[in-house]
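> Below you will find the structure I want to go over with you.
The values are calculated or read from the model by the stated rules, or taken from the named source; none is laboratory data. Here the structure is a predicted model, which is why all the values come from computation and not from measurement. Here the Cβ positions follow ideal geometry from the backbone for every residue, glycine too, while neighbour counts run over all protein chains shown. Calculation scope for accessible area: heavy atoms of the full protein, side chains included, ligands and nucleic acids excluded. Shrake-Rupley method; radii C 1.70, N 1.55, O 1.52, S 1.80 Å.
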Amino acid sequence: ISNQHNAGARGWQPAVCTMAELDADLDHILPSPVLPPFWAKLVVGCVSLVCFARSYDGDFVFDDSEAIVNNKDLRAETPLGDLWHHDFWGSRLSSNTSHKSYRPLTVLTFRINYYLSGGFHPMSFHVTNILLHGGISVLMLDVFSVLLGGLQYTSRGRRLNLAPRSSLLAALLFATHPVHTECVAGVVGRADLLGALFFLLSFRGYCKAFRETGNKEGTHSTFWVLLSILLGAVAMLCKEQGITVLGLNAIFDILVIGKLNVLEMVQKVLHKDKSLENIRMLRNGGLLFRMTLLALGGAGVLYVRWKIMGTGPPAFTEVDNPASFADSVLVRAINYNYYYSLNAWLLLCPWWLCFDWSMGCIPLIKSAGDWRVTAPAALWLCLIGLICRALCSADRHRRRILTLSLGFLIIPFLPASNLFFRVGFVIAERVLYLPSAGYCMLLTFGFGALSKHTKKKKWIAAVILGILFINVLRCVIRSGEWRNEEQLFRSALSVCPLNAKVHYNVGKNLADRGNQTAAIRYYREAVRLNPKYVHAMNNLGNILKERNELREAEELLSLAVQIQPDFAAAWMNLGIVQNSLKRFEAAEQSYRTAIKHRRKYPDCYYNLGRLYADLNRHVDALNAWRNATVLKPEHSLAWNNMIILLDNTGNLAQAEAVGREALELIPNDHSLMFSLANVLGKSQKYKESEALFLKAIKAHPNAASYHGNLAVLYHRWGHLDLAKKHYEISLQLDPTASGTKENYGLLRRKLEQMQKKDV
């Protein structure tokens, strides 16, 4: 809407095309010719791709492992219908352990990536994210042109761009903002990207509701309003905050379409002005109808979403969001506001970025004497100042831009604000993806206002170019840090040195790469920072167990299950340690407790079977291993142990049957081929045994035992030359194998005797 409308104007003004005031202000800073729409979109798209292109060949990092690699909903064998009953991580929504993050459309795109790339190849996932951000940045150009320049159509229904310069600047600021790195470079950020995409499409659809209404006041296209609500629901199925677009649509309708002056209305209400009933918005039946549709649509979608959640909101722990567990309402309020100020700082100065802000990264403010209370005070001073300008300014253009900017900044952030329900994080950079658009609008407006009151236009232009350059540079650097877990986790040490989870993840990464000594150091620091960090205790206990430091391992694991009695993995690991300490009864009890807390726990059944085998309780061992293979048919170790135990106890026929069953399920497992080949050799089925030995050796040619046992088979079979050949290969691979040496010596003596006999 051009700001030439007066109080008596009716509907749209199709004839006049006036550049927005903000664009005129920026013309003094950026006097270059306005780019045509296609070239402007091309510039924004290319810049956005340059910022994050470095992450295209990165690994799956951090939450990607749980949401993608370990998520069975991505695999072809999982029915598509299960996506609508599972949460984002693949757990059933009805489960008490579910995070209730219901994003089936996002998971569906992961599944499509998995299918098209033929497996878990991260490049296709990363490229999709980068392209999505590019598309969203281009779409932002159109959205900013409406929010900054107003909504005006020609008589032919074509929307006019009244703010080409300001919308281009805002879109470039959005495309290059470093806080977006987590959404783009982290694959799980796909949820925020898709949510933002449908959020913007919903807003654009709402704008189109007024495209062909002619000059009739209060008219609209109900189809586009309903489609906008539907797209908002789709956005919510990608990420929960997508539904907030209905709130932005309502504010846009009231301020831009209804032209409401909030300050004027408040003044008339306070003074009981009779002219209040003549305010056009209150007589606008079309506006009230649209507000009713938005309210009913939003309430309906939220009700369905709540019903799908099943067991109510998710249960988070104190380490996830410590402020929400504070006893004092005042302490909670102060800390929530401090979190808001830190989010604002990340938008303003996105240099200190971290993949995780929990676990002591931000200590609680517990008294008013803490100097950090000045941060929320400064935030609210700024917000109140902006709100006053938005309400009290005599310039309708300024009122509209400030109000819509604040709306875009605040409304999408509300689901993460802890105001309506507890969230599972302290700060999450990914939730700032949409609110950053409001910040970019405010920054663009600020540059326009500054240019209006200063003569140093070139300095402002230099500042703008400097901000864009620094943002691009920071995006490139941060994208590189997200390429693999080692760089990502280490980058957080300088930002959040008090975060126990950062030290835990660095330690886990080191342990996965075989550097146990360094891993122990980081695990110990994680436990020091958070003495109740049971996962760090569990992992540290595992490493100490492998280093045969069993007493300390037992102490740590016992403490972990004492702190969290339903921690099944810690109970199982405690059982393994107790088994190694020959405390068999305690070990059995620990295994049983683990299974009680996690009924489908094949690894625990496997370890329980090993305990029974050590105690010569063969039937119990076989039953435990059979349970492991029922729960996890590809559990190779359990199958192998069953074959070996049956073989060692002389049950060759049963061992052969189990071996054949195992190979049908896991046909390419060379260890199963080896075990079954041994059984067949003892049953004098030499030909079939030979074939399996050769197949196992082809799969794993450097296994000395494979060559040694094949040599024994040939020795028994009478193929002495082949036996000699494989004994020698086995001894080359493992010169210390005493059994092979002894058998080789027997064979050589036999060959020498045969030679003497021939002579």
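> Given N residues in segment 319-471, what is Rg(Cα) / (2.2 N^0.38 Å)?
Working: Rg = 17.3 Å, N = 153, 2.2 N^0.38 = 14.9 Å.
After normalising by residue count via 2.2 N^0.38 Å, the value is 1.16.
> Okay, moving on. Roughly how tilted is helix 122-149, in degrees to the nearest 10 and between 0 and 90, from the longest Cα axis of the chain?
So the inclination is approximately 10 degrees.
> Taking 0.36 nm per residue of separation and subtracting the Cα-Cα distance, what length does fully extending HIS719 through LEU296 add? Could you put the intermediate results ahead of the total?
Numbers: separation 423, 0.36 × 423 = 152.28 nm, distance 8.40 nm.
Separation in residues times 0.36 nm, less the Cα-Cα distance, equals 143.9 nm.
> Work out from phi, with θ = phi - 60° and the Karplus expression 6.51 cos²θ - 1.76 cosθ + 1.60, the ³J(HN,Hα) of each residue of segment 581-594, listed in order in whole Hz, and give x for Gly and Pro.
8, 6, 9, 5, 5, 5, 5, 4, 5, 5, 4, 5, 5, 4
> To continue, here is another question. Hey, can you find the accessible area per residue of the chain for me, probe 1.4 Å, expressed in square angstrom? The partial results should precede the final answer.
Details: 35440 Å² over 759 residues.
Value for the chain: 47 Å² per residue.
> Follow-up question, since we're still on this one. Is segment 516-598 best put as rounded, prolate or oblate by its Cα gyration tensor, with a ≥ b ≥ c the root eigenvalues, rounded for a/c under 1.5, and otherwise prolate when a/b is larger than b/c, oblate when not? The partial results should precede the final answer.
Values: a/c = 2.44, a/b = 1.35, b/c = 1.80.
Here segment 516-598 falls in the oblate category.
> Then there is this: Rounded, prolate or oblate for segment 64-209? Axes are the square roots of the Cα gyration tensor eigenvalues, ordered a ≥ b ≥ c, and the cut-off for rounded is a/c under 1.5.
Details: a/c = 2.65, a/b = 2.07, b/c = 1.28.
In terms of gyration-tensor shape, prolate.
> A further question on this structure: For helix 329-348, what angle does its Cα long axis make with the longest principal axis of the chain, in degrees from 0 to 90 and rounded to 10?
Value to nearest ten degrees: 80.
> So what's the gap between the Cα centers of segment 127-159 and segment 488-545, to the nearest angstrom?
45
> Would you mind classifying segment 34-309 by shape? Square roots of the alpha carbon gyration tensor eigenvalues, ordered a ≥ b ≥ c; an a/c under 1.5 is rounded, otherwise it is prolate if a/b is larger than b/c and oblate if not.
On the way: a/c = 2.53, a/b = 1.54, b/c = 1.64.
In terms of gyration-tensor shape, oblate.
> Also, quick follow-up: Over the chain, what is the relative contact order in whole percent, taking alpha-carbon pairs under 8 Å and six or more residues apart?
On the way: 1083 pairs, mean separation 83.4, N = 759.
Taking the mean separation of contacting Cα pairs over the length of the chain, I get 11 percent.
> Expected output is a single nm value to one decimal: the length gained when fully extending between ILE477 and THR78, i.e. 0.36 nm times separation in residues minus the C-alpha distance. What is it?
Numbers: separation 399, 0.36 × 399 = 143.64 nm, distance 3.80 nm.
Contour length minus Cα-Cα distance gives 139.8 nm.
> Ok, one more. Could you compute how fast the chain diffuses translationally, taking Rh as the Kirkwood radius over C-alpha pairs and applying Stokes-Einstein at 25 °C with viscosity 0.890 mPa s? Give it in µm² per second. Mind dumping the intermediate values first?
Values: Rh = 30.6 Å.
Here the translational diffusion coefficient equals 80 µm²/s.
> Between segment 608-631 and segment 360-428, what is the C-alpha centre distance in whole Å?
Comparing the Cα centres of segment 608-631 and segment 360-428, I get a distance of 59 Å.
> Which percent of the accessible area of segment 86-174 is formed by carbon and sulfur heavy atoms (probe 1.4 angstrom)? Intermediate values should be presented prior to the final figure.
Working: 1830 of 3100 Å².
About 59 percent, which is the carbon plus sulfur part of the accessible surface.
> Next up: In degrees from 0 to 90, rounded to the nearest 10, what is the angle of the helix 374-392 Cα long axis to the longest principal axis of the chain?
40
> Figure the gain on full extension for LYS685 and THR736 (residue separation times 0.36 nm, minus the Cα-Cα span) and round it to one decimal in nm. Write out the running numbers ahead of the final one.
Values: separation 51, 0.36 × 51 = 18.36 nm, distance 2.95 nm.
Between LYS685 and THR736, full extension yields an extra 15.4 nm.
> Let me ask another. Using 30 Å as the Cα-Cα cut-off, could you pick out the over-long pairs in LYS545/LYS682; LYS545/LYS596; LYS682/LYS725? If you can, show how the numbers build up before the last one.
Numbers: LYS545/LYS682 37 Å; LYS545/LYS596 23 Å; LYS682/LYS725 21 Å.
In this structure, LYS545/LYS682 lie more than 30 Å apart at Cα.
> Taking amide H positions as placed 1.01 Å from N in the peptide plane, with prolines and chain starts having none, which residues 5 or more places from TYR153, or on another chain, fall under 5 Å of its amide H?
The answer is LEU160.
> What FRET efficiency would be calculated for the residue pair SER95, PHE420, taking the C-beta separation as r and a Förster radius of 30 Å, to the nearest 0.05? Intermediate values should be presented prior to the final figure.
Working: r = 23 Å, r/R0 = 0.76.
About 0.85, to the nearest 0.05.
> May I ask you to derive the relative contact order of segment 34-309, considering only C-alpha pairs under 8 Å and at least 6 residues apart, and to give it as an integer percent? Don't jump to the answer; show the numbers that get you there.
Numbers: 357 pairs, mean separation 51.5, N = 276.
Across segment 34-309, relative contact order equals 19 percent.
> How large, in percent, is the carbon and sulfur part of the accessible surface of segment 319-471 at a probe radius of 1.4 Å?
C and S atoms contribute 73 percent here.
> Return the Rg/Rh value of segment 701-758, two decimal places, where both radii are evaluated on C-alpha atoms and Rh is the Kirkwood radius. Each step should come with its number before you reach the end.
Details: Rg = 11.1 Å, Rh = 11.2 Å.
We get a ratio of 0.99 for segment 701-758.
> So what is the relative contact order of segment 516-598, in percent, for Cα pairs below 8 Å that sit 6 or more residues apart? Could the numbers behind the result be given before it?
Working: 95 pairs, mean separation 18.7, N = 83.
In percent, rounded to a whole number, it is 23.
> Which percent of the accessible heavy-atom area of segment 555-710 goes to carbon and sulfur, probe 1.4 angstrom? Numbers along the way, then the final one.
Values: 3720 of 7530 Å².
Heavy-atom surface of segment 555-710 belonging to carbon and sulfur, 1.4 Å probe: 49 percent.
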